[in-house]
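This report refers to the structure that appears directly beneath it.
The values are calculated or read from the model by the stated rules, or taken from the named source; none is laboratory data. These numbers were taken from a predicted model, which means no experiment stands behind them. A quick note on method: Cβ atoms are made from the backbone with ideal geometry, for glycine too, and the neighbour counts reach across all protein chains shown. These accessible areas exclude ligands, DNA and RNA; they are computed on the full protein's heavy atoms, side chains included. Shrake-Rupley method; radii C 1.70, N 1.55, O 1.52, S 1.80 Å.
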Amino acid sequence: MNGDNKIDFAKQRIIDLRRIIENHNYNYYILANPSISDYDFDMLLNELIALEKEYPEFITPDSPTQRVGGDITKEFKTVKHRYPMLSLSNSYSVSEIKDFITRIEKSIEGDVDFVCELKYDGVSISLTYEDGLLIRAVTRGDGTQGDDVTTNIKTIKSIPLKLNGNYPDIFEMRGEIIMPHNSFSTINKEREDLGLQVFANPRNAAAGTIKLQDSKEVAKRKLDSFCYFMMMDEGKMPFKNHYESLIAAKKWGFNISNFMAICKNVDEIEEFINYWDENRKNLPFDIDGIVIKVNNFEQRDLLGFTAKSPRWAIAYKFKAEEAYTKLISVDFQVGRHGTITPVANLEPVQLAGTTVKRATLHNSDFIDQLDLHYNDIVCVEKGGEIIPKIVSVDRSKREKTSKKVVFIDKCPECGSKLIKAEGETAWYCPNNQGCPPQIKGRIEHFIGRKAMNIESLGEGKIEVLFDNRLIRNYSDLYDLTYDKLFGLEKIITNESVDNISSENTIRKISFKEKTAKNIIEAIEKSKSVPFSRVLFALGIKYVGETTAKLIANSMESIDNVIAATTEELMEIDEVGEKIAISIKDFFSNEENIHIINKLRSIGLQFDQCKRQKGENQILLGKNIVVSGVFSSMSRDEIKQLIEDLGGKNVSSISSKTSFVLAGEKMGPEKRKKAEALNIEILTEADFLEMIKK
């Protein structure tokens, strides 16, 4: 094949791959009906990426490769909206909805249909399409102008880059960017592991994500979207009503919710509201109400707008679950990276089926915004939050002698002067080598399941060992002996922030014969943990499990990591400047180097063992969920075996799951879901027999 023919072939293959990939994206994200395995999809995408890299002249803005991110946006350009993004009038009672409908019926002759939709708790977005291509995505801003976040929005796979079918030449789609619950939980767990402030709710997380400078980071957070409103110039709308326009938009490629209904009267609207007020907890994302719109476009034109909102639509807001109680005191807790977290101690109050005694206060700015005083009567809310939070103060009931809550300036544990990093809201204790909660927190992280997996040391035992001066850092764990452990005991009171909405527990920790033996065995076994997990276990700030694995694969040894420059570290995938600087800071500390040298002499793995994929790739292209406890090997060993045999480990069961590998004590909900989807469930014996064949 000569040069010209090769280029022509590449160009046509790129065009074909784009069409095939976008079709699979549509089937998966819009129709929820995947027609290809994850493995096969990844192979198609990788082929397209490789071709576009070789022939960059054929890259276009609508290519599926533009979703993976990588572009950096230092400043988001302000853009004036073609059509103002007005807000909706809010209502909080069905009687207000009845008044709204009465006003509509008095203004319009004939029958009026209403479309009821879910009110997504996310970030409003305006998407502009020209000739079927997404050319701009703009936030709501002040309603007149917003920020151009097109680069970041392109990473959201439920937003089409190129439309299919008979679409208008130029139009806008309005929608909501949301963060699903599973993405939210994953991100907050990672932030917690890295010592970062967790997001208060999915809405805040979504808002923060779409304004990140690095679109690659946006892509990793797996945002989603729903579109709910089409706009174009006067006289251009090809549809008679709103419902028809959304059905057409779904065919073009937009993610339109299936949870909408045409209602004829207030009784049907009330039924829709009541149903979703009860069932919203079953959705995989947050909603905070219902939107009611006049369906017919001509009737909308007759009704018109006020200065702030349309007269033909209204939002019914669900009432957040809240309760009033008294603030007794404030504790200041110290995390393993020194982050100071204020926690409110409250008079016990019933909220959402639990007794709440504690609530997060986030940071010093949050306390100042509330103007919080001791003995205040506060409103505690439990809506879309992970843990209860104080949302307001009833100042009319404030005692004249009450004192203002003032954020501390010294560490409550070691007395060190607190510091605040530039651009951050959190305060930190800088005494990372001498502050007890930081030391214990790092050791607890070190023994964790995804790190060194020293299971027998959990449940408060680290505190007992620390208080008995047997450990002062995680390398001291390897100096423990049976004689040092046997007979130790202590009464432990659990008052951590993780138990905000539950009773504090008092337990007796005892190191009996079996416990002591199990701990020594688990510590010895941890010496075989691979380098990537050892690196994660060290507890370097901002270095999570995935990042540690990427660093280990790239650098191959701890010595190479220590010797690497900031620039060399930043060449590793997913390692930005902040992470690179944190790594250099960690290894510039002589105490940390001393601990690593001790761990090395003990026999921990500080070199990457290069695994060779076996010739047997029997699980190639299969998505496998592992659940339960296994007798022949650990779960991590089973997952590694699956990868070596070409399979892919996935965490949740879906229609794309090939089979579930079930050990003892498999989660009942997972079994139930697998059976409902007719997914094959293999026992440990079945699996071993399969791979032998």
Legend entry - When residues of the range 174-225 are limited to those that are open to solvent by less than 30 Å² (accessible area, probe 1.4 Å) and among the charged types (D, E, K, R), the one farthest from Lys450 (Cα to Cα): Arg174
Inset, instruction - Return the total of residues in the range 289-315 being part of a strand (DSSP E or B) and of a type outside the set (A, V, I, L, M, F, W, C). - result: 4
Inset, instruction - Go through the range 388-421 residue by residue and tally those that are over 16 Å from Asp365 (Cβ atoms) and in a loop (DSSP other than H, G, I, E, B). - result: 14
Legend entry - Residue in the range 277-285 that is over 31 Å from the mean Cα position of the chain (by Cα) and without any contact (Cβ under 8 Å) to a residue 60 or more places away in the chain present: no
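So that you can scan it fast, the table gives a plain yes or no per residue for (1) under 28 Å from Gly458 (Cα atoms); (2) small (Gly, Ala, Ser); (3) more than 32 Å from the chain's Cα centre (by Cα):
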| residue | (1), (2), (3) |
| --- | --- |
| Tyr542 | yes, no, no |
| Ser554 | no, yes, no |
| Thr566 | no, no, no |
| Glu574 | no, no, no |
| Phe587 | yes, no, no |
Legend entry - Candidate set: the range 654-677, residues that are at pLDDT below 85 and part of a loop (DSSP other than H, G, I, E, B); chosen: the one most open to solvent (accessible area, probe 1.4 Å): Lys665
Legend entry - Residue within the range 137-149 that is of a type in the set (Ser, Thr, Tyr), at pLDDT below 95 and over 30 Å from Phe272 (Cβ atoms) present: yes
Legend entry - Given (1) out of contact with any Leu (no Cβ under 7 Å at 6 or more places or on another chain); (2) in a loop (DSSP other than H, G, I, E, B); (3) open to solvent by less than 10 Å² (accessible area, probe 1.4 Å), number of the condition Val115 does not satisfy: (2)
Inset, instruction - Determine whether the range 358-365 contains at least one residue that is among the basic types (Lys, Arg), in contact (Cβ under 8 Å) with a residue 12 or more places away in the chain and closer than 30 Å to Leu283 by Cβ. - result: yes
Legend entry - Out of Glu590, Glu577, Glu568, sole residue that is over 30 Å from Asp214 (Cβ atoms) and not basic (Lys, Arg): Glu590
Legend entry - Evaluation of Ile419 against (1) modelled with pLDDT of 90 or more; (2) open to solvent by 40 Å² or more (accessible area, probe 1.4 Å); (3) farther than 24 Å from Asn592 by Cα (one fails), failing number: (3)
Inset, instruction - Please determine, by comparing only the residues of the range 139-154 that are in a loop (DSSP other than H, G, I, E, B) and open to solvent by 10 Å² or more (accessible area, probe 1.4 Å), which one is farthest from Ser215 (Cα to Cα). - result: Thr144
Inset, instruction - Among the candidates Asp169, Asp193, Asp148, single out the residue that is in contact (Cβ under 8 Å) with a residue 24 or more places away in the chain and over 27 Å from Glu22 (Cβ atoms). - result: Asp193
Inset, instruction - Select from the range 577-612 the residues that are open to solvent by 80 Å² or more (accessible area, probe 1.4 Å) and outside any helix (DSSP H, G or I) and write down the one among them that is modelled with the highest pLDDT. - result: Ser588
Legend entry - Filter result (open to solvent by 100 Å² or more (accessible area, probe 1.4 Å) and either in a strand (DSSP E or B) or at pLDDT below 90 (or both)) within the range 504-524: Ile506, Lys508, Lys512, Lys514
Inset, instruction - Could you check, for the range 45-57, whether at least one of its residues is open to solvent by 30 Å² or more (accessible area, probe 1.4 Å), of a type in the set (Gly, Ala, Ser) and modelled with pLDDT under 75? - result: no
